[in-house]
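One structure below.
The values are calculated or read from the model by the stated rules, or taken from the named source; none is laboratory data. A quick note: this is a predicted structure, and the numbers were derived from the prediction, not measured. Cβ: placed from backbone, ideal geometry, glycine included. Neighbour counts: every protein chain shown.
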Amino acid sequence: MKSPRRAAVSILRAWAKGHVYADTLIERHASRNELSTADRGLLNAIVLGVLRNRRLIDHWISKLRRGKLDPQTRDILRVGLCQLLILRLPDHAAVFETVELGKAPARGLINAVMRRAVAQRKKLLDLDELPPAVAFSHPDWLFNRWSKAFGKDQAIDLMAFNNAPAPTIARVNPRSPERPGFEQDPDLPDDYFEIEGRVPTELLAKGQIYIQDPATRHSVELLAPKPGERILDACAAPGGKAFLIAAFQGSGKDLVCTDSNEKRLPRLKQNLERLHLGEVQTSCHDWTKPAPEAWLGSFDAILLDVPCSNTGVFRRRVDVRWRLQASDITAVTQIQRQILANAAPCLKPGGRIVYSTCSIEQEENEEVVQAFLADFPAFTLAGTAQAKPQTDGTDGAFAALLETSA
């Protein structure tokens, strides 16, 4: 079995070569190997630490070593410098274990770079003179974009927020026969609490709690589901918002959950059953295509948590910033507009839609809503809700309530 450090290098190599999210690669490795709690924690900390701070670490490497590096050696140095300068592990362990990761020809170079880092630690950790996008490890185009949208100071605050490890927040399941005791955090909404240390897997397995950031609730609160209403959760996997809808309704019997990916449905069903919502109906449908005829005019309310750029959840999806391009935002808005247009005919007269994203980009939020209202004049904008990470201290989210006349 690979050590956590060696596994981290392998995962970073696989991440660079493919399109799989880092947390998925970590989970795959953990499922194939019996990792202790400590080893799993170290693996997570190194991989996510490298990806959060990738640009800064590469800047350090450029100051410590001139000339080209092969990809394997660069990833080894990223792992080593993350341990030394980000995680602040003991010098000897960080240097020795990093050198051991290299093949014989590269060990001398790795040793020299790591020892220089120890000697120059204070200088390397002085980030005040660095460009903000380097110090906080974001692409220049995102920093420039956010500076224009929010101002430079908020853009820096946003990047700093994205680089802080995300707390694990859970919500108590009101449908569970047993409710776990917890201390209510005054900074969190009712029934939410922060998990410190080990995640209580036994409570998750019993469906007593569900891991969920408080920002998730905004769209469902705006939808305000009522008992007896037939509701569609159109982009439902993995089921977090369906869980909230059922809590409002007191049951899942009038809730229909769909997802465009057939492979995600088993997990959706499993999550719903675990949360004591086995009565929820599930179906596969791609909402970039017209709705099934049987669903036309049949729902009182629809939640559309559409695919998006994920710019509001960078602290949780730490690798997205390195793959996202400005053109991706333009492309996804076309998908969002299609989904909204195809779902609208499924409403009963007087029905309502909540359109939501976990994006903080105006093009995906306000501009998509305005374009929809221009194309569908029977609808009116009845309200919005928004959370910005840099000011609200939660994941970013946007929701708009769209109502049609009776």
> Considering only the stretch 223-268, how many residues are part of a loop (DSSP other than H, G, I, E, B) and either under 22 Å from Arg171 (Cα atoms) or touching a strand residue (DSSP E or B) at 6+ places or on another chain (Cβ under 8 Å) (or both)?
Replying inline: 19
> Within the stretch 197-223, which residues are on the phi > 0 side of the Ramachandran plot and either out of contact with any helix residue (DSSP H, G or I) (no Cβ under 7 Å at 6 or more places or on another chain) or among the β-branched types (Val, Ile, Thr) (or both)?
Replying inline: Gly197
>> Looking at the stretch 133-172 only, could you name the residues that are over 16 Å from Gly396 (Cβ atoms), surrounded by fewer than 17 Cβ atoms within 10 Å (Cβ to Cβ) and in contact (Cβ under 8 Å) with a residue 24 or more places away in the chain?
In response: Val134, Pro139, Trp141, Pro165, Thr168
>> Go through (1) in a helix (DSSP H, G or I); (2) touching a strand residue (DSSP E or B) at 6+ places or on another chain (Cβ under 7 Å); (3) modelled with pLDDT of 95 or more; (4) not polar (S, T, N, Q) for Ala301 and report which single condition fails.
In response: (1)
> Just checking, how many residues over the stretch 227-265 are in contact (Cβ under 8 Å) with a residue 60 or more places away in the chain and charged (D, E, K, R)?
Replying inline: 4
> Which of the residues belonging to the stretch 278-330 are touching a residue at least 40 places away in the same chain (Cβ under 8 Å), among the hydroxyl-bearing types (Ser, Thr, Tyr) and either assigned by TED's automatic domain parsing to the domain that holds Trp141 or closer than 30 Å to Ala160 by Cα (or both)?
Replying inline: Ser309, Thr311
> What helices (runs of 4 or more DSSP H) completely inside the stretch 94-137 contain at least 1 residues that are over 21 Å from Ala164 (Cα atoms)?
Replying inline: 104-119, 121-124
>> If I go through the stretch 208-226 residue by residue, how many of them are over 20 Å from Pro167 (Cα atoms) and not aliphatic (A, V, I, L, M)?
In response: 4
>> Looking at the stretch 202-237 only, could you name the residues that are of a type in the set (Val, Ile, Thr) and either more than 16 Å from Phe182 (Cβ to Cβ) or modelled with pLDDT of 95 or more (or both)?
In response: Thr216, Val220, Ile231
